[in-house]
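Structure first, commentary second.
Only the coordinates and a few stated rules stand behind these numbers; no lab work does. Given the structure is predicted, the values throughout are model-derived calculations rather than measurements. Neighbour counts run over all protein chains shown; Cβ positions are idealised from the backbone, glycine included.
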Amino acid sequence: MGLPSNEKRWIVLSDDGRFITLGRASDPSEAEIQAAEGALRSQRVAGWLAIMDGNPYNKLPPALLEVRALAKPIGAFSEASAKLLSRLIQKVHS
C-alpha cells in the first residue's frame with residue numbers, strides 16, 4: 001500500500017468524474033476560477049471547485065472537499081467524486 005501524502009491541490013472536478021489541477025502552490029484567484037468556469041460552460045460541462053488532499057496517483061485514494069459549484073452542475077458532488085475515486089483506483093491497480 002502507498003504511503004500517505006501531504007499533497008494538497010485545488011482541482012476542478014467535472015460532473016462526469018474527470019478533474020484538472022488548478023493550483024498547488026497557492027490558492028487560485030477569482031479570475032482563474034471564473035476562467036475555469038467559462039471553459040466548463042464552453043464545453044457544456046459543469047462541476048465543482050474542490051480541494052484534493054493526497055496524491056491522486058498513490059494507492060491510497062485522496063480525500064476531496066467541495067468548495068463551490070461551477071457552471072450549475074445537475075448532479076451531486078458526492079456522485080462526481082465517487083466516479084473520480086473509482087477511476088483513480090482502477091488506474092493504480094491496473
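Laid out as a table, the results:
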item: Nearest-0.05 FRET efficiency for Gln43 and Leu65, computed from C-beta distance (R0 22 Å); result: 0.35
item: 19 Å Cα cut-off, lysine pairs counted over the range 8-92 (separation 8 or more, or different chains); result: 5
item: Inter-site label distance for Thr21 and Lys91 at 7 Å from Cα along Cβ, in nm; result: 1.1
item: Gained length - Glu79 relative to Glu32, 0.36 nm times residue gap less alpha-carbon distance; result: 14.4 nm
item: Calculated log10 I(q)/I(0) by the Debye sum over Cα atoms at q = 0.12, 0.14, 0.21, 0.25 Å⁻¹ (choose from (1) -0.36, -0.48, -1.01, -1.30; (2) -0.51, -0.61, -0.98, -1.19; (3) -0.78, -0.86, -1.05, -1.15), label; result: (1)
item: Estimated vicinal HN-Hα couplings, Hz - the range 50-62 in sequence order (Karplus 6.51, -1.76, 1.60; Gly, Pro = x); result: 8, 10, 9, 9, x, 7, x, 10, 8, 6, 7, x, x
